[in-house]
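These notes concern the structure reproduced below.
Every number in this text was worked out from the coordinates using simple rules, so none of it is lab data. Just so you know, these numbers come straight off a predicted model, no measurement behind them. For neighbour counting, all protein chains shown are included, and Cβ atoms are generated from backbone atoms with ideal geometry for every residue, glycine included.
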Amino acid sequence: MDTRTAILEKNYEAILQKGFQGVRTDKVVADLGITKGAFYHYFPNKNMLGYAVVDEIIYPNFVGVWEDSYQKLIKNKDTHAIDLICQTIEKIASFSTGENISVGCPLNNLIQEMSAIDEGFRQKLAAIIDKQYFFIQAVLEKGKEKQQIKLEVNPNEWSYFIIAGLEGSYTIGKAKNNIEAFQASINSLLMALRSLKNI
C-alpha cells in the first residue's frame, strides 16, 4: 500500500470513530510512522484530506452498490426490480453488527456533522445522495416499464424514501446502540418496498 492510500484509509478509520472534527491528523500520521512533511505532500490541509476521503472511499462504496444493482437489472431481464433493491438494502445492512452499530453510517455521520459548516463537504456529500437517487430511480423506472411495479408508484418519491429509510435506520441503531432496533427499521423498509410489487 502506498503512503497516500495508507494516510487516507487510516484517517477514514479515525473519522468513523471520532467524526471529522475530532480527528487529529498529526496523531494519525504518527501512528503510521510517517513525517508531517509526507502528509502535507499529499494533503495541504485537513479539509483536503476529508474531501479525498469522501471522493475516493465513501463515494465509490455508497454509489457503487446501487450502480451494480442497476447493471444487474439491465443484464438480466428476468430480475425483479423490487427484489433487487431489497437485496441491495440487505447487503448494505449486513455490514452493521452489534459490535459496530454504534458507529452509524459514515455518509450520514458526515452529512450531519459537516454539511452546515463546510460548503465543500456539503456539495460532495450531496453528490453521493444524488447519484444514489439516480440509480435507484432508474431501477424503479425499469421495473415500471416491465410492469413489475404498481402503476401508481412514483419512482422519484420512492427513491428519496428508500435513501431516507436506510439512513434513518442507521440513525436509530446508532442512537440506541442496538442492532435489533436497526434491523427492525430495515425490515419495515423492506416490507414497504415489497408492497409495491404488481402481483
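Filter the trypsin sites (Lys or Arg not before Pro) in segment 81-134 down to the DSSP loop ones having no more than 15 other Cβ atoms within 10 Å, then list what survives.
Passing sites in segment 81-134 do not exist.
Partners of Lys144 within straight-line reach, counting aspartates and glutamates whose Cα lies under 17 Å from its Cα and excluding those fewer than 8 residues away in the same chain: Asp78, Asp83, Glu152, Glu157.
Full-extension gain between Ala38 and Ala126, please, as 0.36 nm times their residue separation minus the C-alpha to C-alpha distance.
Stretched fully, the Ala38-Ala126 segment lengthens by 28.6 nm.
For the chain, a crude dipole built from +1 on the beta carbon of Lys and Arg and -1 on the beta carbon of Asp and Glu, taken about the Cα centre, is about 120 debye to the nearest 20. Based on the convex hull around the alpha carbon atoms, segment 147-199 presents an average projected area of 3.7 nm². Along its first, second and third principal axes, ordered by size, segment 70-199 spans 42, 34, 26 Å in Cα coordinates. Remark: the Lys91-Phe161 segment gains 23.4 nm on full extension, using 0.36 nm per residue and subtracting the alpha carbon distance.
Between Gly19, Gly50, Gly98, the residue with the greatest mean-square fluctuation in the GNM of the chain (Cα pairs under 10 Å linked by springs) is Gly98.
Take every Cα pair under 8 Å in segment 46-194 that's 6+ residues apart, average their separations, divide by the length, and report that relative contact order as a whole percent.
Rounded, it is 31 percent for segment 46-194.
The length gained by stretching the chain between Asn187 and Glu152 to full extension, at 0.36 nm per residue less their Cα-Cα distance, is 10.3 nm. Among the trypsin sites (Lys or Arg not before Pro) within segment 1-88, those in coil by DSSP and having at most 10 neighbouring Cβ atoms inside 10 Å are Lys77. If you run the Gaussian network model on the chain, springs between alpha carbon atoms under 10 Å, then out of Leu125, Leu32, Leu16 the most flexible one is Leu32. At q = 0.22, 0.25, 0.26 Å⁻¹ the log10 of I(q)/I(0) for segment 65-130 amounts to -0.95, -1.01, -1.03, computed by Debye summation with a single uniform scatterer per C-alpha, solvent ignored. Going 7 Å from the Cα of Ile74 toward and past its Cβ, which residues in segment 133-171 have a backbone nitrogen under 13 Å from where you end up? Within reach of a label on Ile74, which here means backbone N under 13 Å from a point 7 Å along Cα→Cβ, segment 133-171 contributes 135-136, 138-139, 142.
When the Gaussian network model of the chain links Cα atoms closer than 10 Å, the mean-square fluctuations of Tyr40, Tyr51, Tyr12 top out at Tyr40. Between segment 1-53 and segment 116-143, the C-alpha centres lie 25 angstrom from each other. Diffusion of segment 1-44 by Stokes-Einstein, at 4 °C in a medium of 1.567 mPa s and with Rh set to the Kirkwood radius over alpha-carbon pairs, works out to 125 µm²/s. The GluC sites (Glu not before Pro) of segment 73-162 meeting both criteria, a DSSP state outside H, G, I, E and B (loop) and at most 13 other C-beta atoms within 10 angstrom of the site's C-beta, are Glu99, Glu152.
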